[in-house]
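Peer 1: Dropping the structure in here first, questions after.
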Amino acid sequence: QVQLVESGGGLVQAGGSLRLSCVASGSIFRLNVMGWYRQRPGKQRELVAVTSNGGRPNYADSVKGRFTISRDNAKNTVFLQMNSLKSEDTAVYYCNYRTDWGEHWGQGTQVTVSS
């Protein structure tokens with residue numbers, strides 16, 4: 001079993017920045033994909049950014065150039081640096097951990113961007 005604990009959400013003004021963190025613990029496989037998804041009000045959950053061990057990150061078009069995903073493999077931690085935030089970035093952000101044997105989700109952290 002894998003546990004994911006997210007932190008870093010909150011309220012920020014448009015144009016501001018936030019940094020999300022997610023720590024994975026438990027039965028961690030060396031080869032995995034970690035990343036972030038979000039669910040905006042009234043919308044389905046969508047990919048924000050994901051990255052594998054040593055692989056190139058993949059970003060949603062809506063966040064390219066503004067968000068940066070990174071990870072610390074030694075600490076099983078993934079980060080999401082969010083800059084130039086917009087009101088449409090308001091959502092619950094979920095950490096995701098995925099291997100060939102399944103995936104796990106964090107509990108979600110609220111990000112609210114005021115205009």
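Peer 1: Near the amide H of residue 84, under 5 Å away, which other amide H atoms are found, from residues 5 or more places off or on another chain, if H is placed in the peptide plane?
Peer 2: For residue 84, no residues qualify.
Peer 1: Have a look at 45, 56, 98 and tell me which one the Gaussian network model of the chain (Cα, springs below 10 Å) gives the largest fluctuation.
Peer 2: Of 45, 56, 98, the Gaussian network model singles out 56 as fluctuating most.
Peer 1: Take the solvent-accessible surface of the protein heavy atoms, probe 1.4 Å, and return the percent of it on the chain that carbon and sulfur atoms account for.
Peer 2: 47
Peer 1: Taking θ as phi - 60°, what are the ³J(HN,Hα) couplings along the range 80-91 by the Karplus curve (6.51, -1.76, 1.60), each to the nearest whole Hz, with x for Gly and Pro?
Peer 2: Residue by residue, the range 80-91 yields 9, 8, 10, 10, 6, 5, 10, 4, 6, 7, 4, 5 Hz.
Peer 1: Something else: Scan around residue 2 for amide H atoms under 5 Å from its own, H built in the peptide plane at 1.01 Å from N, and keep only partners 5 or more places away or cross-chain.
Peer 2: When sequence neighbours closer than 5 places are left aside, the close amide H contacts are 27.
Peer 1: Using only the alpha carbons, work out the radius of gyration and Dmax of the chain in angstrom.
Peer 2: In order Rg, Dmax, the Cα atoms of the chain give 13.4, 41 Å.
Peer 1: Still on this structure, please answer the following. If amide hydrogens are placed 1.01 Å from N in the peptide plane, which non-local residues have theirs closer than 5 Å to the one on residue 90?
Peer 2: HN-HN under 5 Å from residue 90: 113.
Peer 1: Please work out the average accessible area per residue across the chain, using the 1.4 Å probe convention, and give it in Å².
Peer 2: 54
Peer 1: Reachable lysines from residue 86, Cα under 19 Å, same-chain residues fewer than 8 places away excluded?
Peer 2: 43, 64
Peer 1: Would you kindly derive the ³J(HN,Hα) couplings of the range 51-60 from the backbone phi angles with the Karplus curve 6.51 cos²θ - 1.76 cosθ + 1.60 (θ = phi - 60°), listing them in order in whole Hz, with x for Gly and Pro?
Peer 2: Ordered by residue, 3J(HN,Hα) equals 8, 9, 4, x, x, 7, x, 10, 10, 5 Hz.
Peer 1: Just how large is the dipole of the chain about the Cα centre, in debye to the nearest 20, putting +1 at every Lys and Arg Cβ and -1 at every Asp and Glu Cβ?
Peer 2: Dipole of the chain, to the nearest 20 debye: 140 debye.
The values are calculated or read from the model by the stated rules, or taken from the named source; none is laboratory data. Fair warning: this is a prediction, and the values are worked out from it, not measured in the lab. Every residue, glycine as well, gets a Cβ built from its backbone with ideal geometry; the counts of neighbours run over all protein chains shown. Side chains are part of the model used for accessible areas, which takes the heavy atoms of the whole protein and leaves out ligands, DNA and RNA. Shrake-Rupley method; radii C 1.70, N 1.55, O 1.52, S 1.80 Å.
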